[in-house]
Amino acid sequence: MNKVYAGIDIGSLTTETVLVDDRGEMVASHISSTGSNSQWAAERSFRQIQKMTGFPLDQITYVVATGYGRASAPMAHKTMTEITCHGRGACHLFPRTRTVIDVGGQDSKVIKVGPLGNIVHFVMNDKCAAGTGRFLEVMAQALEINLENMGPLSLKSHQDIAISSMCTVFAESEVISLVAQAHPIEDILNGLHQAVCYRLTGMLNQLGVEPEVTMTGGVAKNIGIVNKIQEKFGLKINLPPEPQVVGALGAALIAREQDREIEPHE
Amino acid sequence: MGKKESSQKRLQAAKDLNQLVFRYYQECLEAKTHGKPVGWMPPMNGAIELCYALDLQPVFPENWSPLCAAFGYTPENFRVSEGLGYSRDLCGYLRNIVGYVYGPMAKGGLPLALPEPDFLLSFGGGCVPAMKIFHILERRFPKAIVFSADLPQVAAEHVEGHHLTYAVSELNRLIDFLTQTTKRKLDMNRLKETVSLSDQASALWDEIMTYRRLIPVPFSAAEIGIMFVMVTRQGTQEAVDFLAQVRDEVRERAEKKTGVIEDEQIRLFWDNIPPWYNLGLLRAFEKMGGVVVAETYSSAWSIRLTGDDPIEALARKSLLSYSQVSCVSIKKRREDVLRACREYAIDGAILHRNKSCAPITLGQMDIQKALQEELAIPSVIIDGDHMDERNFSEAQFQIRAEAFMEMLKHKKGLR
């Protein structure tokens, strides 16, 4: 391995680090929780990836930080927003991507990208974080199930239930009341996913859906939500092997371009 | 929220503005000791010139609100108005002034304050909260004599002769009210003088704004506080002198090609009222090579007062003032924004989705679409509020602003 470039995505819930080599291939990735201190999270994540790969950190040629905590990464040479990084990462994995749906811990975004992964337009959720990863976490706690099981369980639903409120606090009350009325958990989950899908539909319609569509961020691991969007728009969504690290991957690829002053996809 | 960054003023005149603001509010407080009756009124109509001509003290609650936001008075005012049952969904100007008149105004202790009104001019026009503010003030100040004006809300392009005739009759009714209530006589020569001064200020404003078309732009939205004189001092020599100082400074900067920032890469347009409590956020764009060159307000003050008849000129201004910013059709708003973006060579538009002002916010989706389709100008939506800081998230603003700048720079081939 000649040169290594790093991207670090310090999000509200998790921090991801990705290393890419001179050819832009991903050589390692690591996910950990962010906790209360963004700088510690960045340093911890870097140490972990060093342990995993054995690659000395001081030999990383260039580091780009992204995510809400991007300004807190002491090792970063440059910061970029996660919007740019998710666009770059998604296009690297699926070069025909023109629309990226990124639902992370505390926000959701729809991004239109050009052929080189450049951002053409984007919309984000309004100030309320309803329908994001944190929303799903709260609902999983209310229903006493694992976050990972939400998607598969919801696929067993037989009855549509409408969750009328998208406010995390009110929706939680609504879910508890549905539980009290003895509605099956899979139907409640299906209703929650439907509500998240409605919210994303608004943003997708605002920007216009141009295939191919790639979904990134932790919520892309929820098959229930992915299916709802696919059904709604009648298209197949590209799913990265590890949707959570796409932002960090994009950051690492930008780090490589910065060092070499090369064009994307070179 | 962390410590806010102040907006950076490049014009000496903009730095001097604080003294002018302080002098005006001091003058308002001292008016009664000089035997000058105090009248509260909405801004932008012909009553201001009339008051200065009659040596009455005009006070503008709508101007007081941004001042409260800039000086950090709003949290207490909002606490009081919410305690009275006014919903957080209402206009921030309304909630602030209601809170102020029912709360801190009586307690005193602030460096700046408003004097109680002797008369209220309730214009029955403008946006709904602007009208409701005066209904509330009527209840709060029962001793104040009220003049209820009635002007039609007609789009500027639809104003016809009969509208003007009616506005003139209403203005004459206002003159009768003011002269009878305050026992003053209107000197027509003095009125002509104030109208002429007001027109000179508008002409200067237009001239100053034309310099913003230059690349690099000699001053930015960070300096938009200069419009204070267009709200509170129309019809005075002070406004003309101040704007002449601004014009001279701007002209000098333009001649020397001195821009707002060293390397102006991206020219931006700001749609909607700015967050008065945090104009420093414009620095975020400046640090990334972007300058807010123009904004919705740029054209709001250029109502020229021409013709031989000062009363007709003021009547026309009163009619047009409603339809300058907040009472316009979506079609007109779209046209205005698109025209400004062409004239000022804009690269990207910031659309402030303002929770406190539905009339101006309405139509931004159409504007966004038209900007993209007709001019290929990208835009970004920033969620916020022109008065209530609680409806604004600095972190969310930062991510949108940075991503937007990254996108615009890439579009222009800047890395």
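Bear in mind these aren't lab numbers, they're just calculated from the coordinates by the rules spelled out. From a predicted model like this one, the values you see are computed outputs, not experimental measurements. Methodologically, a virtual Cβ is constructed for each residue, glycine included, from the backbone with ideal geometry; neighbour enumeration extends over all protein chains shown.
Could you tell me which of the pairs B:K257/B:K409; A:K232/B:K409; A:K109/B:K257; B:K143/B:K331 are separated by over 31 angstrom between their Cα atoms in the structure shown? Provide the component values of the computation, followed by the final result.
On the way: B:K257/B:K409 22 Å; A:K232/B:K409 34 Å; A:K109/B:K257 40 Å; B:K143/B:K331 43 Å.
In this structure, A:K232/B:K409; A:K109/B:K257; B:K143/B:K331 lie more than 31 Å apart at Cα.
With a cut-off of 20 Å, note down the residues of the stretch B:220-259 whose backbone N falls inside the zone around a label point 7 Å from the Cα of B:K287 toward its beta carbon.
B:220-223
Shape of the stretch B:191-235 from its Cα gyration tensor (a ≥ b ≥ c, root eigenvalues): rounded if a/c is under 1.5, otherwise prolate when a/b > b/c, or oblate? Provide the component values of the computation, followed by the final result.
Values: a/c = 6.13, a/b = 1.98, b/c = 3.10.
The shape class here is oblate.
Taking 29 Å as the cut-off for C-alpha to C-alpha distance, list the pairs among B:K32/B:K192; B:K15/B:K183; B:K185/B:K332; A:K78/A:K112; B:K369/B:K411 that go past it. Walk me through the numbers on the way to the answer.
Numbers: B:K32/B:K192 26 Å; B:K15/B:K183 39 Å; B:K185/B:K332 41 Å; A:K78/A:K112 23 Å; B:K369/B:K411 18 Å.
Exceeds cut-off: B:K15/B:K183; B:K185/B:K332.
Say we join alpha carbon atoms closer than 10 Å with springs in a Gaussian network model of chain A; which of A:I60, A:I237, A:I225 then has the biggest fluctuation?
A:I60
Which order do peptides B:380-387, B:26-33 fall in by mean Cβ count within 10 Å, highest first?
Values: B:380-387: 23.8, B:26-33: 14.8.
Those peptides, ordered most packed to least, come out B:380-387, B:26-33.
Is any helix in chain A, taking whole DSSP H runs, at least 20 angstrom long along its axis by alpha carbon and on average at least -1.0 on the Kyte-Doolittle scale, and which ones?
On the way: long enough: A:38-53 (23 Å, -1.08); A:185-207 (33 Å, 0.30); A:246-260 (21 Å, 0.21).
Span-like helices, by this rule, are A:185-207, A:246-260.
Between the alpha-carbon centers of the stretch B:392-415 and the stretch B:63-104, tell me the distance in whole angstrom.
32 Å
If Lys and Arg each add +1 and Asp and Glu each add -1, what is the summed charge of the other residues whose beta carbon sits under 13 Å from the beta carbon of B:I367?
On the way: positive: B:K331, B:K332, B:R333, B:R334, B:R339, B:R353, B:K369; negative: B:D271, B:E335, B:D336, B:D366, B:E373, B:E374.
Charge balance in the 13 Å sphere: +1.
Report the gain in length on full extension from B:D308 to B:H34: 0.36 nm times residue separation, minus Cα-Cα distance, nm rounded to one decimal.
Numbers: separation 274, 0.36 × 274 = 98.64 nm, distance 3.26 nm.
Roughly 95.4 nm would be gained on extension.
With each label point set 7 Å from Cα along the Cα-Cβ vector, what nm distance links A:E210 and B:S87?
So the label points at A:E210 and B:S87 sit 3.9 nm apart.
In nm, to one decimal, how far is the modelled label at B:D263 from the one at B:L164, with both set 7 Å along Cα→Cβ?
For B:D263 paired with B:L164, the spin-label model returns 5.3 nm.
According to a simple spin-label model (label point 7 Å from Cα along Cα-to-Cβ), what is the distance in nm between A:K51 and B:E27?
Once both label points are built, they end up 7.0 nm from each other.
Under the rule a/c < 1.5 gives rounded, and otherwise a/b versus b/c splits prolate from oblate, where does chain B land using the Cα gyration tensor? Walk me through the numbers on the way to the answer.
Numbers: a/c = 1.65, a/b = 1.42, b/c = 1.16.
The shape class here is prolate.
Provide the per-residue ³J(HN,Hα) series for the stretch A:106-121, in order, calculated from phi with Karplus coefficients 6.51, -1.76, 1.60 and θ = phi - 60°, each as a whole number of Hz, with x at glycine and proline positions.
10, 8, 10, 9, 10, 10, 9, 10, x, x, 9, x, 6, 7, 9, 6
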